[in-house]
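Novice: Got a structure here, written out as structure tokens. Questions coming.
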Amino acid sequence: MAVLEVLTWPNPRLRDRAVPVERVDDDLRRFLDDMVETMYADGGVGLAAIQVGDRRRVLVMDLAPKGEPRRPVAMINPEIVASEGEIVWCEGCLSVPGVRAEVTRAERIVVEYLDRDGHAVRRECEGLESVCVQHEMDHLEGLLYFDRLGPLERKAVLAEYEAAERSVGSAG
Ligand code: NI
């Protein structure tokens with residue numbers, strides 16, 4: 001398994017849109033393993049292929065609490081088929097390191113996808129899991145969480161991010 005490079009904003013490839021996977025095979029499973037490894041290495045709870053510069057429509061996540069056995073989930077060609085309610089969560093993103101912001105999303109969703117064996121799965125998600133799936137699925141459409149904010153909040157988050165990037169740059 002390999003740890004892949006995670007693209008960070010403003011890399012324009014984060015605006016790419018994913019294309020559906022046509023075949024679930026060993027090559028794809030190896031890539032999913034690398035994505036899971038990358039997510040753990042970077043301390044994230046979710047990762048979309050677009051974030052590592054790959055346009056396959058896949059995401060991985062693991063919401064197991066720290067100290068508990070890992071429970072990685074891979075979703076291939078995920079689609080949200082139902083959603084309801086509203087939840088506000090303070091989100092961060094491996095592609096926008098160092099900043100967080102409150103984002104409003106659907107509280108409960110039903111997502112359909114293929115698992116790593118190519119089996120069709122229908123999963124009901126709520127709370128953090130629902131937030132995570134929606135956040136990663138946004139990446140597959142070339143969207144970042146700050147795109148979900150109002151113009152002022154968006155500007156504030158990006159200004160904070162750019163300031164943090166500059167200080168990291170000057171320190172190095
Ligand atoms: Ni993200």
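The values are calculated or read from the model by the stated rules, or taken from the named source; none is laboratory data. Note that this is a predicted model, so its numbers are computed, not measured. Here Cβ is always computed from backbone atoms with ideal geometry, including for glycine, and neighbour counts include all displayed protein chains. Accessible surface areas use protein heavy atoms only, side chains included; no ligands, DNA or RNA. Shrake-Rupley method; radii C 1.70, N 1.55, O 1.52, S 1.80 Å.
Novice: Could you go through region 11-24 and let me know if any residue there is open to solvent by 20 Å² or more (accessible area, probe 1.4 Å), closer than 13 Å to L94 by Cβ and modelled with pLDDT of 95 or more.
Specialist: yes
Novice: Residue by residue through region 98-127, note down the ones that are crowded, with 16+ Cβ neighbours inside 10 Å and touching a residue at least 60 places away in the same chain (Cβ under 8 Å).
Specialist: V99, L114, R116
Novice: Take R13 and tell me if it is among the basic types (K, R), part of a loop (DSSP other than H, G, I, E, B) and in contact (Cβ under 8 Å) with a residue 12 or more places away in the chain.
Specialist: On the way: among the basic types (K, R): yes; part of a loop (DSSP other than H, G, I, E, B): no; in contact (Cβ under 8 Å) with a residue 12 or more places away in the chain: yes.
Judged against the criteria, R13 is not a match.
Table: residues versus (1) among the charged types (D, E, K, R); (2) within 18 Å of A48 (Cα to Cα).
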{"site": "V96", "(1), (2)": "no, yes"}
{"site": "V99", "(1), (2)": "no, no"}
{"site": "R116", "(1), (2)": "yes, yes"}
{"site": "H119", "(1), (2)": "no, no"}
{"site": "R122", "(1), (2)": "yes, no"}
{"site": "F146", "(1), (2)": "no, yes"}
{"site": "P151", "(1), (2)": "no, no"}
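Novice: So, one more: So which pairs qualify, if the first residue must be in region 24-44 and on the phi > 0 side of the Ramachandran plot, the second must be open to solvent by 30 Å² or more (accessible area, probe 1.4 Å), the Cβ gap must be under 9 Å, and the two must be at least 6 apart or on different chains?
Specialist: Pairs found: G43/L94.
Novice: Going through G172, G127 one at a time, which residue ends up being among the small types (G, A, S) and modelled with pLDDT of 95 or more? Break it down stepwise before answering.
Specialist: Numbers: G172 fails: modelled with pLDDT of 95 or more.
Being among the small types (G, A, S) and modelled with pLDDT of 95 or more holds for just one of G172, G127, which is G127.
Novice: Please work out which residue is modelled with the lowest pLDDT, limiting yourself to region 27-62 and to residues that are in a loop (DSSP other than H, G, I, E, B) and open to solvent by less than 50 Å² (accessible area, probe 1.4 Å).
Specialist: By that ranking, first place goes to G44.
Novice: What's the total number of residues in region 1-22 that are in contact with a Leu (Cβ under 8 Å, 6 or more places away or on another chain) and not β-branched (V, I, T)?
Specialist: Within region 1-22, residues that are in contact with a Leu (Cβ under 8 Å, 6 or more places away or on another chain) and not β-branched (V, I, T) number 6.
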